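Below is one structure, written out as C-alpha cells, with a few remarks after it.
A short reminder: the numbers here are calculations on the coordinates, not readings from a lab. Just so we're clear, the structure is a prediction, and the values are computed from it rather than from any experiment. So basically every Cβ, Gly included, is an ideal-geometry build from the backbone, and we count neighbours across all protein chains shown.
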Amino acid sequence: MNGKLYELPELPYAYNALEPYISEQQLTIHHDKHHQAYVDATNAIIKLFDESREKGTDFDIKAKAKELSFNVGGHQLHKLFWENMGPADENGGEPTGKIAEYIKKDFGSFERFKKEFSQTAISAEGSGWAVLTLCKNTDRIFILQYEKHNVNVAPKWTPLMVLDVWEHAYYLDYKNVRPDFVEAFWNIVNWDEVNKRVETWLKK
C-alpha cells in the first residue's frame, strides 16, 4: 500500500450544536453515514489502484476515475461544509472583514448577495451545491452551482463557502422544502471561517 488514506474528519462542534436549524439526528446521519461513505469509497478505489499496479492487473479506468472524482469531491466539499457552519449564538447574520468588502464591491449589498446565493442553492437541479468562490485573476467573488460533487469544474476558483443541497442534507428536518433549509443556513454561517479562507487564498 502506497501512502496514507483518507479519514472522516471530526465535526468542529457537537452534533446538536446547529439546532434548531439542523437537528442532531440530521447532522449525525449526514456526517457519520453519508460523508463516511464518500471516504470509504475513495479509499477502496485507491486500494484498487495500488493493488492493480502491484499485481499488473487491469480494471475499468474510465469508471474508476469517474468514481474517484465523485467520492473525493464529496469528501472535500463536506469537510468545507462542516467548517463553514457553527452554532447560531456565535455565527450567522451579516459578515464583516474581507468577505464583507468583496460582497459590497461585487454585489452592492449583503441583501443582494444573499438573494443570489439562495436562488443558486434552491434552483440546483437534483443533487448539488451552491458555492461562493474567489477568482484572483479578476479579484471578484462568484457564486457557482456544482452538479453532484464536480469540484473540478473551476480549479482556479477556490471555494470560500459551500452549501450542500442534496436531499440527504436536509430531508429529515425540512422534507422536500429546500427553500426553508437554505433560509435556515444563514443563521449558522461561520463568517470567521470564510474570512480565513479568503485571507489564505489571497496569500497563495
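Here are some notes:
- Stretched out straight at 0.36 nm per residue, the stretch from residue 116 to residue 202 would grow longer than its current Cα-Cα span by 28.6 nm.
- Residue among 176, 190, 137 with the largest mean-square fluctuation in a Gaussian network model of the chain, springs linking Cα atoms under 10 Å: 137
- Axis angle, to the nearest 10 degrees, between helix 36-55 and the longest C-alpha principal axis of the chain: 30 degrees.
- Calculated [θ] (222 nm, deg cm²/dmol) that DSSP helices of n ≥ 4 give over the chain, each run adding -39,500 (n - 2.57): -15000 deg cm²/dmol
- Acute angle (nearest 10 degrees) that the helix 191-203 long axis makes with the longest principal axis of the chain, alpha-carbon atoms: 70 degrees
- For the stretch 64-159, the convex hull drawn through the C-alpha positions has a volume of 107 cubic angstrom per residue.
- Under 12 Å from residue 175, Cα to Cα: aspartates and glutamates that are on another chain or at least 8 residues apart: 167
- Packing here is the average count of other Cβ atoms within 10 Å per residue, and on that basis the peptides 121-131, 45-55, 90-100, highest first, run 121-131, 90-100, 45-55.
- Relative contact order computed over the chain (Cα-Cα under 8 Å; 6+ residues apart), in percent: 26 percent
- Exposure proxy ranking, count of Cβ atoms within 10 Å, fewest first, for 81, 110: 110, 81
- Aspartates and glutamates with Cα under 20 Å of residue 98, excluding same-chain neighbours fewer than 8 positions away: 83, 90, 106, 111, 116, 139, 192, 193, 199
- For the chain, Kirkwood radius (reciprocal of mean inverse C-alpha pair distance, Å): 18.0 Å
- Within the straight-line cut-off of under 24 Å between alpha carbons, the lysines reachable from residue 55 are 4, 47, 64, 66, sequence neighbours fewer than 8 places apart in one chain being disregarded.
- Simple point charges give the picture: +1 on the Cβ of Lys and Arg, -1 on the Cβ of Asp and Glu, and for the chain a dipole about the Cα centre of about 920 debye.
- For the stretch 1-80 versus the stretch 181-198, the gap between their alpha-carbon centres in whole angstrom: 23 Å
- Between 0 and 90°, nearest 10: helix 61-83 axis offset from the chain longest Cα axis: 40 degrees
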